[in-house]
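Engineer: Next up is a structure, given as structure tokens.
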Amino acid sequence: MSTVLATRGVSKYFSGIMALDRVTLEVNAGERVGLIGPNGAGKTTLFNCILGVLPVEVGEVELNGEDITSLPVHHRARKGIGRTFQQIELFADSTVRDHLVIAYRANRPRWAVVHDLLTLGRPRPEEMEASDDVLELLGLQGLADEPVERLSLGQGRLLEVARTLMTNPDVVLLDEPSSGLDRRETAALAETLVEIQAERGFAVLLVEHDIELVSSFTTRSYLLDFGHLLTSGPTEEVMASPEMRAAYLGTAVVA
Amino acid sequence: MILAVSVVTDFFQAVLQGVPPGTVYALVAIGFVLTYKTSGVFNFAFGAQAFASMVLFHKAADEWGWGTVPAAILSVLIFAPLLGFLLEWAVFRHLRTAPPLSTLVVSLGLTVAIPSLVTILLDFSPKSGSSPHGVVPDGRTVRYDPFGVYPFSRDELVATIVAIVAVLGLAALFRFTPVGLMMKAVVESPRMTELNGISADRVSAGAWALSSFFAGLAGVLIAPRFTTFSANEYFNIMVIAIAAAAVGKLVSLPWAFGGGLGLGVVIALVSTFLPRWTDEFAWLKPVQENVLPSIPFVVLFGVIVFVPGLRKAIGSSDPLAGVDPPRQNVASVITSAGWMFLALKAVLLLGAVAVVYTQADRTWTLLVTQAVAMGIIFLSITIITGLAGQISLCQGAFAAIGAFAVYQLGEVRGMSVLVAVVIGGAIAAAVAAALSLTLRQLTGIWVAIATLAFAFFFDAVLVKQSWIGGDSLARSRIPRPVIGTIDFQDDSNFLLLAVIVLAVCALGVYLFSRGTTGRKLRALGGSEIAARSVGISPSRARVAAFALSGFLAAVGGGMLVIGQGSVNYGTSFVPFLALFWLIVVVTFGVRQPSGAIVAAAFFILFESVFLKGEIFGWILRGEDNIPSFFPLAPDWRYILFGLGTIQYARHPEGVLAMSAAKRRARSERRAADKVVVDSAAELGTPA
Ligand SMILES: Nc1ncnc2c1ncn2[C@@H]1O[C@H](COP(=O)(O)OP(=O)(O)OP(=O)(O)O)[C@@H](O)[C@H]1O
Ligand SMILES: [Mg+2]
């Protein structure tokens with residue numbers, strides 16, 4: 001199976017404090033991988049390093065075998081990394097459709113001016129089609145013309161997923177998609193995630209505190225604590241491991 | 001050998017000469033950093049505060065006959081801190097959670113309002129020919145020469161010593177007094193302090209009073225260096241101080257002090273040695289003539305562009321930056337206005353033009369033409385600030401590029417002026433794009449400062465070059481265009497032409513903002529990180545916005561000078577005025593093209609219609625019926641619009657959208673009431 005995303009010995013410091021310590025992990029094509037660890041473990045930081053929001057001090061990030069460590073965020077995104085945010089990040093003053101259209105268009109930058117003149121700024125037919133597909137996939141049909149300020153948190157999280165799907169990513173980084181959702185919403189989200197992943201076939205790296213969601217969705221997991229990768233393997237094994245207990249109970253780290 | 005000795009002597013002389021102004025720059029820089037760090041407000045009005053104290057000092061000393069010491073006590077020790085306290089209490093305290101750009105706009109508003117307000121309130125009108133003086137008698141003429149190289153004037157000595165004492169005093173205050181310790185703690189980490197139970201309100205008010213005291217002190221001390229009582233001089237001083245503070249990334253007091261002193265010395269060194277070099281290197285001559293005034297702007301620009309990590313300096317130095325309350329969300333205002341509404345606006349506008357076209361006399365036609373041209377310039381602010389979310393303070397320079405292009409190509413080279421307008425637009429677009437490429441890593445406040453530096457550089461250096469500014473006589477012979485048989489020498493015809501150009505530009509802005517780049521810019525404004533992670537390149541979108549904005553400003557500038565028949569750089573395009581443009585546009589709504597157009601109408605017509613009271617002449621039928629307290633001083637427009645920005649900060653969507661939103665809210669409320677009544681009726685209970 002081919003590796004889509006890999007980090008090789010990635011380290012990150014914040015004014016001398018080590019947030020990531022030589023983290024090496026791999027995600028294969030179409031695979032669903034978990035990244036678990038207690039608060040402050042460095043999970044979001046790793047996402048930011050993978051996408052280039054934060055520069056890494058040491059190590060490389062590879063996408064489809066290509067070293068992308070020095071590329072800016074938007075290039076990495078166009079090459080096939082999608083992500084959602086722990087604290088939801090939507091475009092204020094825009095409708096659901098606007099979110100999808102711009103995500104689609106940013107990845108197909110040709111002839112923008114000509115198209116704009118032809119359509120007077122309205123979405124093009126293929127954009128309407130692609131966004132309708134994604135909305136239907138996520139069960140958001142009917143909300144296309146809603147301003148995002150009217151969405152519930154759960155719908156907002158789905159919209160983040162929808163937005164990233166419009167860029168046709170090879171791998172999607174999901175940062176705590178269930179945070180802020182109640183049990184019912186989380187269950188619905190899990191179902192939706194399974195469905196769209198099966199349909200589109202992208203790989204997923206999932207950060208999640210909801211053990212149930214991680215166990216049901218991922219096949220393999222990495223355990224991160226204080227920036228160290230403690231263990232990895234099939235998700236049930238990681239969940240049952242002594243390292244896991246140590247990390248979450250806050251006893252001394254077993255290296 | 002002799003040469004070497006004289007070089008060394010000159011060197012020391014220059015260094016000593018640079019110390020007195022340097023210490024005063026340092027004072028301003030320190031005061032500036034104090035407010036920036038304690039309240040997060042990038043206080044452009046700092047120079048205006050210094051000016052206010054200086055004016056009060058001269059009023060008391062010269063006109064009230066107070067003598068310099070009581071006058072200094074009143075203006076520096078009492079008035080200045082009070083002013084700072086007042087600003088914090090009445091304005092900036094309420095803007096804690098406002099987006100940084102709106103506090104910036106408010107401080108710009110105060111920058112234009114305070115000098116006019118103080119001048120009017122104090123009825124300050126210095127006798128022509130009189131110039132500011134210092135706190136000691138014969139300050140300019142009596143000199144002392146302690147080192148045998150440079151004779152300090154009394155004023156300079158006083159300024160240096162007082163400034164050094166003030167800085168030492170500040171250090172002692174921070175070190176030894178509880179208030180100072182608290183303030184220092186806030187300066188180092190405002191949020192930490194708040195968590196420790198210290199009231200940030202009180203500390204911040206204290207810091208504002210203290211920094212305002214520094215402003216007042218600097219204002220009075222530096223006055224004798226100037227020959228006129230001009231608020232502009234103080235604005236310039238503040239730009240120098242910003243450069244000094246930028247050396248320390250705006251947050252370090254010692255660096256601000258060193259930066260101020262260093263700038264004073266560098267300026268003196270350059271002015272000593274550059275003339276000497278130009279004897280050998282003739283090509284340095286034209287540079288020499290303009291280099292001195294431009295040093296601060298070059299330094300400022302250089303610091304912003306070349307000091308790495310400047311952008312990150314602020315957010316990441318505070319480990320608790322993430323726990324800020326969420327920024328207030330700018331109300332959703334670009335409503336899908338609908339074609340009906342747009343058509344209505346267009347009809348209104350055309351109606352107004354038709355009335356002017358058929359009814360107005362020449363003066364009014366020209367005035368309205370100016371407003372139309374101004375509307376084109378203001379559309380450039382709609383693009384760069386309203387859509388791209390960047391504060392550009394060099395739109396005046398872009399407009400001036402258009403104006404000078406018309407002059408150089410149309411008047412000097414004899415090209416058609418309309419072609420010249422387009423070429424000028426292209427040049428300005430290129431300049432703007434290049435400028436924004438240099439700044440592409442930066443956003444927010446740094447773009448504002450860098451564009452300000454560019455505006456001043458343009459003003460101090462480029463305008464004076466003969467291939468740009470030319471000579472002032474010839475600048476007043478700009479011809480009008482002729483197309484086929486239509487001669488635009490006729491003012492009404494030219495008005496129509498200007499309206500057509502404005503309409504085309506407004507349509508362009510509308511399409512741009514709905515098009516791909518507009519969508520990208522809106523996404524970036526909504527969430528920069530999310531926009532980047534779907535593949536949007538922030539710098540490309542912003543470069544495009546800057547280029548379009550430069551183009552529009554230049555086209556407007558070109559149309560303006562063709563309409564007037566001359567390039568009046570000093571009254572139309574200087575940096576200070578351009579700052580005022582931003583304020584006016586922001587007041588009327590920076591997010592829709594209509595805001596820019598209404599703003600332009602107000603900007604141009606305000607003086608004639610309101611300040612001169614002509615509107616009463618119309619209403620009461622007859623010039624003689626204009627009430628006698630008109631005309632009001634033109635300064636009132638600075639005061640009104642400047643203070644208007646405070647209202648903006650609370651309603652960032654602008655006056656036009658605000659009233660629209662109120663209407664909407666009212667009708668929604670009515671609808672809601674109706675629902676309540678209906679459901680009450682359904683339940684069978686009396687409403
Ligand atoms: N920009 C930053 N500057 C300084 N320190 C940071 C920054 N971002 C994160 N950190 C620190 O790095 C560590 C890892 O943070 P990170 O947000 O990656 O954790 P996380 O695993 O995502 O935690 P959570 O489950 O709470 O989201 C924390 O100690 C955090 O305080
Ligand atoms: Mg996290």
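The values are calculated or read from the model by the stated rules, or taken from the named source; none is laboratory data. Bear in mind that the values here come from a model prediction, so they are computed numbers and not experimental data. Glycine gets a Cβ as well: all are built from the backbone with ideal geometry, and neighbour counts include every protein chain shown. The accessibility values were calculated without ligands, DNA or RNA, using every heavy atom of the protein model including side chains. Shrake-Rupley method; radii C 1.70, N 1.55, O 1.52, S 1.80 Å.
Engineer: Tell me, what HN-Hα J-couplings in whole Hz come from the Karplus equation 6.51 cos²θ - 1.76 cosθ + 1.60 at θ = phi - 60° for each residue of segment B:68-76, using x for Gly and Pro?
Structural biologist: Karplus values, whole Hz, x for Gly and Pro: 5, 5, x, 4, 5, 4, 4, 7, 9.
Engineer: Report the accessible area of A:MET166, computed with a 1.4 Å probe over the heavy atoms of all protein chains in place, in Å² rounded to the nearest 10.
Structural biologist: Estimated to the nearest 10 Å², A:MET166 gives 10 Å².
Engineer: How many Å³ per residue does the convex hull of the Cα positions in segment B:83-191 occupy?
Structural biologist: Roughly 203 Å³ of hull volume per residue.
Engineer: What whole-number value in cubic angstrom gives the convex hull volume per residue for the C-alpha atoms of segment B:66-142? If you can, show how the numbers build up before the last one.
Structural biologist: Details: hull volume 10.6 nm³, N = 77.
It is 138 Å³ per residue.
Engineer: In whole Hz, with x marking every Gly and Pro, tabulate ³J(HN,Hα) for segment B:530-545 from phi via Karplus 6.51 cos²θ - 1.76 cosθ + 1.60, θ = phi - 60°.
Structural biologist: 5, 4, 5, 7, 9, x, 8, 8, x, 5, 5, 4, 6, 4, 4, 5
Engineer: Would you mind checking which residues have amide H under 5 Å from A:ASN28's amide H? H placed 1.01 Å from N; only 5 or more apart, or other chain.
Structural biologist: A:VAL4
Engineer: Using only the Cα atoms of segment B:12-311, construct the convex hull and provide its projected area averaged over every direction, in square nanometres to one decimal.
Structural biologist: With every direction weighted equally, the projected area is 17.2 nm².
Engineer: Next up: At 1.4 Å probe size, with no ligands or nucleic acids counted, give the accessible surface of A:GLU149 in Å², nearest ten.
Structural biologist: 90
Engineer: Oh, and also: Leaving ligands, DNA and RNA out of it, report the carbon-plus-sulfur percent of the accessible area of chain A at a 1.4 Å probe. Provide the component values of the computation, followed by the final result.
Structural biologist: Details: 5890 of 11300 Å².
Here carbon and sulfur together make up 52 percent of the probe-accessible area.
Engineer: Further question: What are the chymotrypsin sites (Phe, Trp or Tyr not before Pro) within segment A:90-188 that DSSP puts in a loop, where the Cβ has at most 14 other Cβ atoms within 10 Å?
Structural biologist: Sparse-neighbourhood loop chymotrypsin sites (Phe, Trp or Tyr not before Pro): A:TRP111.
Engineer: Projected area of segment A:40-109, taken from the Cα convex hull and averaged over every viewing direction, in nm²?
Structural biologist: If I average the Cα hull's projected area over directions, I get 5.9 nm².
Engineer: Oh, and also: Order the following by accessible area, largest value first: B:GLU63, A:GLU237. Probe radius 1.4 Å; ligands, DNA and RNA are ignored. Spell out each step's value before the answer.
Structural biologist: Working: B:GLU63 100, A:GLU237 120 Å².
Correct descending sequence by accessible area is A:GLU237, B:GLU63.
Engineer: Also, I was wondering about something else. For chain A, what value does the Rg/Rh ratio take when both radii are computed over Cα atoms and Rh is the Kirkwood radius, given to two decimals? Display every interim value, and only then the final one.
Structural biologist: On the way: Rg = 18.7 Å, Rh = 19.0 Å.
Dividing the radius of gyration by the Kirkwood radius yields 0.98.
Engineer: Next question, about the same structure. Compute for chains B and A the buried accessible surface, both sides summed, probe 1.4 Å, and express it in Å² to the nearest 100. Present the calculation step by step, with values, prior to reporting the outcome.
Structural biologist: On the way: alone 30850 and 12450 Å², together 40890 Å².
By this definition, chains B and A bury close to 2400 Å².
Engineer: Taking a threshold of 22 Å on the Cα-Cα distance, which of the pairs B:LYS184/B:LYS249; A:LYS12/B:LYS184; A:LYS79/B:LYS520; A:LYS12/A:LYS43 fall above it? Intermediate values should be presented prior to the final figure.
Structural biologist: Details: B:LYS184/B:LYS249 17 Å; A:LYS12/B:LYS184 31 Å; A:LYS79/B:LYS520 18 Å; A:LYS12/A:LYS43 12 Å.
In this structure, A:LYS12/B:LYS184 exceed 22 Å between Cα atoms.
Engineer: How many angstrom lie between the Cα centre of segment B:480-537 and the Cα centre of segment B:557-596?
Structural biologist: First find each Cα centre; the distance between them is then 16 Å.
Engineer: Another question about this same structure. With a 1.4 Å probe and all protein chains kept in place, how much accessible area does B:TRP66 have, in Å² rounded to the nearest 10?
Structural biologist: B:TRP66 has an accessible surface of roughly 110 Å² with all protein chains in place.
Engineer: Counting just the Cα atoms, what span does segment B:426-527 cover along each of its three principal axes? Round to the nearest Å and put the largest first.
Structural biologist: Here the spans come out as 52, 37, 17 Å, largest first.
Engineer: What would the Debye formula give as log10 I(q)/I(0) at q = 0.17 Å⁻¹ for the alpha-carbon point model of segment B:1-58, no solvent?
Structural biologist: Here log10 of I(q) over I(0) equals -0.70.
Engineer: Inside 10 Å of the C-beta atoms of A:121-129, what's the mean count of C-beta atoms belonging to other chains?
Structural biologist: 1
Engineer: Hey, if you put +1 on the Cβ of every Lys and Arg and -1 on every Asp and Glu Cβ in chain A, which of A:ALA198, A:MET18, A:LEU230 ends up farthest toward the positive end of that dipole?
Structural biologist: Towards the positive end, the residue furthest out is A:MET18.
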